[in-house]
Amino acid sequence: MKIISLSNSLGIGVKLANILGIDHIEAYVKIFPDGEIYVRVPVDVKDDVILIQSTYPDQNRTLMELFLGIDAVKRLGGKVVATVIPYLAYSRQDREFLRGEAISSYVILSIIKSLGVKYLVTIDAHSPKLKEYFGEGFINVIPAKLFANYLTQYESIKAGDKNVTVIAPDKGAELRASLLSSELNVDYVVIKKYRDRYTGKIRHEFPEGISVNGKVAVIVDDIISTGGTVANIASFLKDNGAGRVIVVASHGLFVGNAISKLRNSGVDKVVITKTVGINLKSDDLIEVVDPSELIADSLRKIIP
Ligand code: R5P
């Protein structure tokens, strides 16, 4: 067994190799002047391989590199038994919302599967549909424990504290919220979301009998892209008397002015896992936690 890192492995490949006691190889990747990608595995590999690549930024280049990496291993006589993709791009289009749309997540997963990969390990997949598309070998690692540890260690949140509520911004985030609330032994709430058919404006409402007045609210979501979803919920919670608002999100893409949007909405802290290759300027709003140990735990269950 060997671990091979592609160009956007974020150092996770090296960490996994150390944790699991497996040899690590860095693939050679270059881009031709016309933009095409070249991948070479510089060591003879004849047995099972775990291939690491995150897919942001940029989604298209990193995915193509991944496909070529799987082929390169195969041509040496090895086999990519598992690929670790901390952030799986194109996941949000997981169904046809409008007739005639392509389902990008289905396409990406079908390609990886057809190249002979048995297991795909990812952090916090956007929807259960992805497992349907890839099959049994799809391993979705939800970092609830990681966030709970961070919150109790660094944000003085105590397990079982009735003054803390975990918030799911919508129905899609309910599983994440319920897992985090179990780890922290506190309640969770799914916020109701209504969109005005004419103006497109979004309005939020608490389920009946729920209040966050004076409480610590922990919003949980999978992705912060433009920051709009989380910023809207944070403002809503602050307007309704929430004391501290902390956001935990698995993937922080922070597109455009996302960070200032979050700051202006009243968010006190944003905790993300290191799943994408962006360089965050040192900023006291954002904390990054390392998912390598969690990924290693999942790999231990599937590798011989
Ligand atoms: C939506 O379904 C996702 O779970 C996220 O809430 C969404 O992608 C976040 O995007 P943005 O930060 O642009 O609002």
Quick check: net charge around THR83, other residues with Cβ under 11 Å of its Cβ, Lys/Arg +1 and Asp/Glu -1?
+2
Using alpha-carbon positions, what is the distance between the centroids of segment 104-122 and segment 1-55, in Å?
17
FRET efficiency, 1/(1 + (r/R0)^6) with R0 51 Å, evaluated for ASP196 and GLU293 via beta carbons:
0.70
May I ask which residue of LEU285, GLY227, ALA296 lies farthest towards the positive end of the charge dipole of segment 225-304, with charges of +1 (Lys, Arg) and -1 (Asp, Glu) on Cβ and the Cα centre as origin?
GLY227
Counting only DSSP beta bridges fully inside the chain, the antiparallel percentage to nearest 5 is 15
To the nearest 10 degrees, how steeply does helix 144-154 sit against the main Cα axis of the chain, on a 0 to 90 scale?
60
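How big is the charge dipole of segment 239-293 about its Cα centre, in debye rounded to the nearest 20, if each Lys and Arg gets +1 on its Cβ and each Asp and Glu gets -1 on its Cβ?
180
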Hydrodynamic radius by Kirkwood, which averages 1/r over all alpha carbon pairs of the chain, in angstrom:
20.4
How far apart, in nanometres, would the label points at LYS158 and ARG95 be if each is projected 7 angstrom from Cα along the Cα-to-Cβ direction?
4.3
Nearest-ten-degree value, helix 174-184 long axis tilted from longest Cα axis of the chain
80
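Size of the dipole of the chain about the Cα centre, Lys and Arg at +1 and Asp and Glu at -1 on the beta carbon, nothing else charged, in debye to 20?
With Lys and Arg at +1 and Asp and Glu at -1, about 360 debye.
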What nm value, rounded to one decimal, do you get for the distance between ARG61 and GLU205 when each label is placed 7 Å out toward the C-beta?
4.7
For q = 0.13 Å⁻¹, what log10 I(q)/I(0) does segment 56-120 give under the Debye formula with an equal point scatterer on each alpha carbon and no solvent?
-0.39
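Every number in this text was worked out from the coordinates using simple rules, so none of it is lab data. If you're wondering where the values come from, they're calculated on a predicted model, not measured in any experiment. No Cβ is skipped: glycine too gets one built from the backbone with ideal geometry, and neighbour counts run over all protein chains shown.
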